[in-house]
Amino acid sequence: MSIATPRRLGDSLFFTCFYNGSLMMRLDSAKPAATSLWHTEKASEKDTTHLNAVMCTPFLEDGHIYGVCSYGQLRCLKAETGERIWETFQATTAGEPVRWANAFIVKNSNCFFLFNEKGDLIIAKLTPQGYEEISRAHLLEPTNTAAGRDVLWSHPAFANRHMYARNDKELICVDLALSK
């Protein structure tokens, strides 16, 4: 499994984990010190309040956090308070909670690439107003099994207007350049 990387937003540092949830720290610019802005107060991977990410490294932008929670909920939180703004299963499970359901998130211009565990590449807008799917293409078959379902838990790579993704049988390169 990949594990969520801590993310920095201004003078704050955000941490998230599956069982214990989230922690937002404010870093002191004058000395090596930090204070807690907010944190998840109950340890529960199922009944969550903030973001209990497993593999998806959240994206922080303009005072908001976008990430996938422990049962596939793509969420937006206010970075300053941890307040949940919205959530959807549309990018991950299409409607129901599924343990460890995942989508990797990569920002590109004013949109996001989400590569989910089903092998779908989704182009979407993520804003405090909500999730807006622009397009979706199934690119690769899942070849591993977890929690009784087929999964693809390999983070894609992006370079020169191409996406590179793999399962345990093949490596693909997808041209992302716009048609003229």
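The values are calculated or read from the model by the stated rules, or taken from the named source; none is laboratory data. The shown structure was predicted, so the numbers you read here are calculated from the model rather than taken from an experiment. All Cβ positions, glycine included, derive from the backbone under ideal geometry; neighbour counts span all protein chains shown. These accessible areas exclude ligands, DNA and RNA; they are computed on the full protein's heavy atoms, side chains included. Shrake-Rupley method; radii C 1.70, N 1.55, O 1.52, S 1.80 Å.
Would you please name the residue that is least open to solvent (accessible area, probe 1.4 Å), looking only at residues in the stretch 87-113 that are among the hydroxyl-bearing types (Ser, Thr, Tyr) and over 23 Å from Asn160 (Cβ atoms)? For the stretch 87-113, the residue satisfying everything is Thr92. May I ask you to list the residues in the stretch 9-34 that are open to solvent by less than 40 Å² (accessible area, probe 1.4 Å) and in a loop (DSSP other than H, G, I, E, B)? Listed by number, the list holds a single entry, Phe18.
At pLDDT 95 or above, open to solvent by 40 Å² or more (accessible area, probe 1.4 Å) and in a loop (DSSP other than H, G, I, E, B): is that true of Lys169 in this structure? Yes; evaluated as a whole, the condition is true for this residue. When Leu37 is tested against (1) hydrophobic (A, V, I, L, M, F, W, C); (2) open to solvent by 50 Å² or more (accessible area, probe 1.4 Å); (3) outside any strand (DSSP E or B), only condition (3) is not met.
Scanning the stretch 78-110 for residues that are over 27 Å from Phe158 (Cα atoms), β-branched (Val, Ile, Thr) and not in a strand (DSSP E or B) gives Thr81, Val98.
For the stretch 136-153, filtered to residues that are touching a Leu at 6+ places or on another chain (Cβ under 9 Å) and part of a loop (DSSP other than H, G, I, E, B), the residue that is farthest from Asp120 (Cα to Cα) is Thr143.
Residue-by-condition table, conditions (1) open to solvent by 60 Å² or more (accessible area, probe 1.4 Å); (2) in contact (Cβ under 8 Å) with a residue 24 or more places away in the chain; (3) over 30 Å from Asn160 (Cβ atoms); (4) touching a Pro at 6+ places or on another chain (Cβ under 6 Å):
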{"position": "Ala43", "(1), (2), (3), (4)": "yes, yes, yes, no"}
{"position": "Lys46", "(1), (2), (3), (4)": "yes, yes, yes, no"}
{"position": "Leu51", "(1), (2), (3), (4)": "no, yes, yes, no"}
{"position": "Pro58", "(1), (2), (3), (4)": "no, yes, no, no"}
{"position": "Glu61", "(1), (2), (3), (4)": "no, yes, no, no"}
{"position": "Val68", "(1), (2), (3), (4)": "no, yes, no, no"}
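The residue pairs whose first member lies in the stretch 154-174 and is closer than 25 Å to Val54 by Cβ and of a type in the set (Asp, Glu), whose second member is modelled with pLDDT of 95 or more and open to solvent by less than 30 Å² (accessible area, probe 1.4 Å), and whose beta carbons are closer than 8 Å, counting only pairs six or more residues apart or on different chains, are Glu170/Leu140.
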